[in-house]
Amino acid sequence: MIPFFDIDKRIEAAAEKAETLCGGQFKKIEKIAEYNQFKVQKAFIDNSISETHFVPTTGYGYGDRGRDTLDKVWAQVLGAEDALVRHNFVSGTHTLAVALYGVLRPGDNMLCVTGTPYDTIHGVIGISGSGMGSLKDFGINYSEVPLKNGRPDLEAIKNAVNADTTMVYIQRSRGYELRPSLTVEDVEEIVKTAKASNPGVIVMVDNCYGEFTQTREPCEVGADLIAGSMIKNAGGGIARTGGYIAGRSDLVEKCAYRLTTPGLGKEVGASLGTNRELYMGLFYAPHTVGEALKSAVFISALFSGFGYDTTPAYNAERGDIVQCLGLENEESLVAFCRGIQSGSPVDSFLTPEPWDMPGYDSKVVMAAGAFTLGSSIELSAVAPIREPFYAWIQGGLNYPSAKLCTLLAAQQMLESGLLKGVD
Ligand SMILES: *Cc1c(COP(=O)(O)O)cnc(C)c1O
């Protein structure tokens with residue numbers, strides 16, 4: 001019995017069946033979360049974290065021990081030489097941009113080997129827009145190797161990387177595509193391939209949505225530089241803003257010169273009392289990512305049980321927390337999002353409507369009822385209203401809350417006469 005909410009018996013029965021199917025996958029996820037929790041905790045202990053690390057600094061922020069030690073803790077967790085963890089990064093895009101501007105110079109050649117990257121990076125690279133100071137405006141050349149059947153094309157990568165290639169860029173998550181995410185093992189293959197062609201090439205990974213989904217991180221398999229957002233996996237649902245860059249210490253130093261100024265780098269930047277939440281967010285991140293993964297697996301199992309296309313499949317290996325759901329028509333996307341929204345802890349009373357969003361060429365309907373605006377480690381769904389009518393779903397601070405939202409989404413579809421697989 002689902003208490004407090006009116007869920008149709010048939011949905012409840014389907015949910016029970018789905019949960020049984022997910023049992024093995026849930027166990028695997030719990031094992032990964034446990035391993036990562038131990039890894040994080042070891043880093044806290046090795047660095048003797050104490051309350052003094054949470055003390056706020058102001059002004060220039062000289063000698064902020066909490067900030068400097070947080071970098072060390074993160075570097076250890078990520079298997080990197082150094083890290084730059086700052087609330088000053090306004091988003092994932094900003095963090096990735098700082099990393100790219102930090103290490104690339106005029107005349108350098110950047111090669112993206114996972115097809116065209118995430119939409120918001122286009123303006124940074126100069127794939128779209130002009131006159132805004134993109135990498136292209138600064139004389140940095142860009143090219144890409146397309147995916148082959150949604151997977152990295154190692155043969156083409158081998159041929160595309162040469163002595164002139166400065167950076168090989170990898171996007172680990174599927175973003176808003178239907179291709180599979182890259183596992184750390186996939187990243188390792190690309191690193192080996194790229195470095196065989198040019199041992200000096202910098203391999204950079206957009207690690208957004210990937211952190212703690214597996215037991216290893218990209219730097220442990222040879223990535224030179226990685227970056228991600230604190231309002232996704234890395235912040236554990238606790239951090240309210242920020243991002244991180246990690247990797248080779250010479251490269252992280254250059255990124256710090258870009259974030260602040262040449263000469264000052266990591267030495268400045270008042271933490272203003274944000275350290276505690278960044279530490280606590282990291283402490284929670286392995287668990288929260290595990291809950292988000294379980295939520296994705298459950299959504300996949302439940303809706304594939306109803307007869308919808310889901311990718312990844314509930315029992316597939318995952319390198320990110322994103323779940324795609326093919327709902328076949330506009331009405332179902334809207335009903336699904338309304339159901340998700342109706343169960344959110346924040347803004348449950350809002351009714352999602354399709355609307356024209358900047359950067360999209362079709363209307364988009366989304367559900368997000370989050371404690372942190374735009375946070376996508378909290379359960380959220382985004383669905384462009386166009387063929388093939390898929391919703392991209394991610395997050396879930398805890399499994400029961402995401403399960404409830406999912407049941408309400410199915411219920412909303414049922415009440416609108418749209419849900420398949422029940423009679
Ligand atoms: C979210 C995301 C970004 C950009 O992060 P924002 O915080 O939205 O700016 C970049 N790449 C990938 C793969 C992402 O998932």
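The values are calculated or read from the model by the stated rules, or taken from the named source; none is laboratory data. Computed from a predicted model, the values in this text were never measured in an experiment. Methodologically, a virtual Cβ is constructed for each residue, glycine included, from the backbone with ideal geometry; neighbour enumeration extends over all protein chains shown. Keep in mind that these areas ignore ligands, DNA and RNA; they rest on the heavy atoms of the full protein, side chains included. Shrake-Rupley method; radii C 1.70, N 1.55, O 1.52, S 1.80 Å.
Taking only the alpha carbons of segment 51-186, what extent do you get along each of the three principal axes, in Å, biggest first?
Between the extreme Cα coordinates on each principal axis of segment 51-186 lie 51, 37, 31 Å.
Using the Cα centre of segment 247-296 as the reference point, and only Cβ charges (+1 on K/R, -1 on D/E), how large is the resulting charge dipole? Debye, rounded to the nearest 20.
Computed about the Cα centre, the dipole is about 80 debye.
By accessible area of protein heavy atoms, probe 1.4 Å, what ranking do His87, His287, His53, His94 get, highest first?
His287, His94, His87, His53
What residues qualify as long-range amide H neighbours of Ile202, i.e. H under 5 Å apart, gap of 5 or more or another chain, H built at 1.01 Å from N?
Met167, Val168
Helix 399-415 against the longest principal axis of the chain: what's the angle in degrees, Cα atoms only, rounded to the nearest 10?
For helix 399-415, the angle is close to 50 degrees.
Given the options Leu293, Leu333, Leu404, which has the most mean-square fluctuation in a GNM of the chain, springs set between C-alpha atoms less than 10 angstrom apart?
Most flexible of the set in this elastic network: Leu404.
Can you find, among Gly396, Ser50, Gly307, the residue sitting farthest towards the positive end of the charge dipole of the chain, where Lys and Arg contribute +1 and Asp and Glu -1 at Cβ?
About the Cα centre, the residue reaching furthest to the positive side is Ser50.
Pulled fully out, how much extra length does the chain show between Ser91 and Ser130, if you take 0.36 nm times their separation in residues and subtract their Cα-Cα distance?
Length difference between fully extended and current span is 11.9 nm.
Relative contact order for the chain using alpha-carbon pairs under 8 Å, separation at least 6, rounded to a whole percent?
Once normalised by length, the contact order is 18 percent.
Using a 1.4 angstrom probe on heavy atoms only, work out the carbon and sulfur share of the accessible area of the chain in %.
54 percent
Report, by chain and number, residues whose modeled amide H sits under 5 Å from the one on Asp309, excluding near sequence neighbours (fewer than 5 apart, same chain).
Placed amide hydrogens put Gly326 under 5 Å from Asp309.
For segment 260-366, restrict the atom set to alpha-carbon positions and state the Rg and Dmax in Å.
19.3, 59
For the chain, set up a Gaussian network in which alpha carbons nearer than 10 Å are linked by springs, and say which option among Ala368, Ala256, Ala156 fluctuates the most.
Judging by the Gaussian network model, the answer is Ala156.
Multiply the residue gap between Glu267 and Thr351 by 0.36 nm, knock off their C-alpha separation, and tell me the result in nm, one decimal place.
My answer for the length gained is 25.6 nm.
Relative to the first principal axis of the alpha-carbon coordinates of the chain, what is the inclination of helix 275-306, with its axis defined by its Cα atoms, in degrees from 0 to 90 and to the nearest 10?
It works out to around 40 degrees.
Any idea what the dipole of segment 300-392 comes to, in debye rounded to 20, about its Cα centre with Lys/Arg Cβ at +1 and Asp/Glu Cβ at -1?
Once rounded to the nearest 20, the dipole reads 180 debye.
With 10 Å bins from zero, work out the P(r) of segment 204-282 over every alpha carbon pair and list the percent per bin.
Reading upward from the zero bin: 18, 43, 35, 3.
How are the C-alpha pair distances of the chain spread across 10 Å bins, as whole percents from the shortest bin up?
It works out to 5, 22, 31, 25, 13, 3, 0, in whole percents.
Quick one: Debye curve from the alpha-carbon atoms of segment 1-91 only, equal weights, vacuum; give me log10 I(q)/I(0) at q = 0.22 Å⁻¹ to two decimals.
Here the Debye-derived log intensity ratios amount to -1.12.
Set Lys and Arg Cβ to +1 and Asp and Glu Cβ to -1, take the dipole of the chain about its Cα centre, and tell me which of Gly61, Leu21, Thr351 lies farthest positive.
The listed residue farthest towards the positive side: Gly61.
Rounded to the nearest 20 Debye, what is the dipole magnitude of the chain about its Cα centre when Lys and Arg each give +1 and Asp and Glu each give -1 at the C-beta?
560 debye
Once amide H atoms are placed 1.01 Å from N in the peptide plane, what residues at a sequence separation of 5 or more from Asp82, or on another chain, have their amide H within under 5 Å of its amide H?
Amide H neighbours of Asp82: Gly247, Ser249.
Give me the 1.4 Å probe accessible area per residue for the chain, excluding ligands and nucleic acids, in Å².
Spelled out: the 1.4 Å probe surface of the chain, per residue, equals 41 Å².
Got the relative contact order for segment 259-319 handy, in percent, Cα pairs under 8 Å and 6 or more residues apart?
19 percent
Determine how large the accessible area of Cys208 is when every protein chain is in place; take a 1.4 Å probe and give Å² rounded to the nearest 10.
10 Å²
Between Ala13 and Tyr257, 0.36 nm times their residue separation minus their Cα-Cα distance comes to what?
Stretched fully, the Ala13-Tyr257 segment lengthens by 82.2 nm.
Give me the net charge for the shell around Pro199: Cβ to Cβ below 13 angstrom, other residues only, Lys and Arg +1, Asp and Glu -1.
Overall, the nearby charge balance is +1.
May I ask for the angle, rounded to the nearest 10°, between helix 92-103 and the longest principal axis of the chain, with both axes built from Cα atoms and the value confined to 0 to 90°?
On a 0 to 90 degree scale, this one is about 20.
List the aspartates and glutamates whose Cα sits under 16 Å from the Cα of Lys148, skipping any in the same chain fewer than 8 residues away.
Glu177, Asp186, Glu189
Tell me the relative contact order for segment 33-154 as a rounded percent, counting alpha carbon contacts under 8 Å between residues six or more apart.
Relative contact order of segment 33-154: 19 percent.
Heads up, I need the accessible area for Glu387: 1.4 angstrom probe, whole protein in place, Å², nearest 10.
Using a 1.4 Å probe on the heavy atoms, I get roughly 140 Å².
Which ³J(HN,Hα) values in Hz, rounded to whole numbers, follow from the phi angles of segment 315-330 under the Karplus curve 6.51 cos²θ - 1.76 cosθ + 1.60, where θ = phi - 60° and Gly and Pro get x?
Whole-Hz 3J(HN,Hα) from phi for segment 315-330: 9, 7, 6, 10, x, 8, 9, 7, 10, 9, 9, x, 9, 6, 7, 4.
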